[in-house]
Structure formats: structure tokens, C-alpha cells
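Report on the following structure.
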Ligand SMILES: [Zn+2]
């Protein structure tokens, strides 16, 4: 049942490369100060206020590249290197996270699907493969099926994450330009950071698809 691990190798390499690229790109452009002098927090506040989202708080979060928007708490969490830095990378990431807040306000379809899938996808991505293996070891087909169905929910989650992330970055670039937070020559740098981040989601989706394929092949092979 471990023969299909080779399926994971390209996805694993791609993930590692994508992770290295996002930290490399972020650290490169976090050294370049924007001409406007906007920090990540100022960027997010400006965009949120402009869109009458005054009630959404911006919080400095611990860690690196831990930035996110929490729709339940209505909070934009910005990691320390983004929150207080006035680099082009910081403005890019902050605008991206507010892009998620705007998606939430607009009831953006893929975001709703993604939120709906979160609980089942969490279980599926963690427990799914183990449930399949349990079913294989004890020869209980029903567990194999359940494991695969749960993991399929996780795959759908990773796939629907792609339009959500790309759309947030697209909104971010438009906002940074129209609000004149970044100037034309700086926009390219912010875009590079957001593209590198997007690639990590593509790698994660690919790796999930490969795992599903591996589970399906394992289960077919036993028959
Ligand atoms: Zn995002």
C-alpha cells in the first residue's frame, strides 16, 4: 500500500520550492520602503475605511507570513513584519488580506463554498488517509469509502481556495493602484510577492489531488 508514495514526490518538491520562493520574495521586497510610507496596518485601515468596513479590526499577529482575514471575528490579522513595516511587500500583503474582507462583504461565491467546506475538509485532510489505511488493514471497504469521501472534501477545499486567493490578490492590486498606496514601479514588486504566495496554494492543491489519486489507486488495487 506504500507503492504510490512516488506520486507525492513532484508535489512535495513543488511545495518546498513554492515555500522557499514566497519567503525569498517577501524578504527581498520587505526591504524596499514604499514612497507613500504606508505601513501594512495603514494600508489595510485605509482600504477598509474607504469601503465603510470601520468595524473590522486590524491586529498585529505573531509569526511570519501568518497574515489572514478571520470572517467570524471580523479581524484582519497582520504578521509583525507586515503590520508595522512600510515596505512594498507589507502593503501588498495587507491589501490582499483586506481583499478577503471585501469578498466577505460581497458574499463572494467561492469564499462561501470555502467556508462551508472548512470543518469537513479539516477532518478529511487529517483523518481521511488514516481511515482508508484502517479500512485496508482490517478489510473493511466502508472505511475506505468514507476516508476517500472525506479526503475529496479536502481536495475541493484546496481547489476552491485558488479562485479565492487569486481574486483577493487581484482586488489588492487594484486597490493599491487606485488608492495610490503604491506607485506604478512599486506595484510590480507587490505583485511578485502576491504571485509567489498564490503559487504555494497551487502547490498545496496539487499535493492534495495527488494524495487523493494515491488513495483511490490503493483502494482499487486491493480488489
Ligand atoms: Zn489570502
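Scanning the stretch 54-73 finds no residues that are within 17 Å of residue 172 (Cα to Cα) and assigned to a helix (DSSP H, G or I).
Conditions (1) assigned to a helix (DSSP H, G or I); (2) over 23 Å from the mean Cα position of the chain (by Cα); (3) within 16 Å of the ligand (Cβ to nearest atom); (4) touching a residue at least 12 places away in the same chain (Cβ under 8 Å), marked per residue:
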position	(1), (2), (3), (4)
131	yes, yes, no, yes
135	yes, yes, no, yes
146	yes, yes, no, yes
157	yes, no, yes, yes
160	yes, no, yes, yes
165	yes, no, yes, yes
169	yes, no, yes, yes
180	no, yes, no, yes
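Residues in the stretch 79-101 that are more than 12 Å from the ligand (Cβ to nearest atom), touching a helix residue (DSSP H, G or I) at 6+ places or on another chain (Cβ under 7 Å) and farther than 17 Å from residue 189 by Cβ: 83, 84. Could you check, for the stretch 103-111, whether at least one of its residues is within 15 Å of the ligand (Cβ to nearest atom), touching a strand residue (DSSP E or B) at 6+ places or on another chain (Cβ under 9 Å) and either within 21 Å of residue 222 (Cβ to Cβ) or touching a residue at least 24 places away in the same chain (Cβ under 8 Å) (or both)? The answer is yes, given that some residue of the stretch 103-111 is within 15 Å of the ligand (Cβ to nearest atom), touching a strand residue (DSSP E or B) at 6+ places or on another chain (Cβ under 9 Å) and either within 21 Å of residue 222 (Cβ to Cβ) or touching a residue at least 24 places away in the same chain (Cβ under 8 Å) (or both). Just so you know, in the stretch 79-100 the residues that are closer than 10 Å to residue 44 by Cα and without any contact (Cβ under 8 Å) to a residue 60 or more places away in the chain include one that is surrounded by the most Cβ atoms within 10 Å (Cβ to Cβ), and it is 94.
Each reported figure results from applying straightforward, stated rules to the coordinates on display, with no laboratory input. Treat the numbers as computed from the prediction; the structure is a model and nothing was measured. Cβ sites come from the backbone with ideal geometry, for glycine too, and all protein chains shown count toward neighbours.
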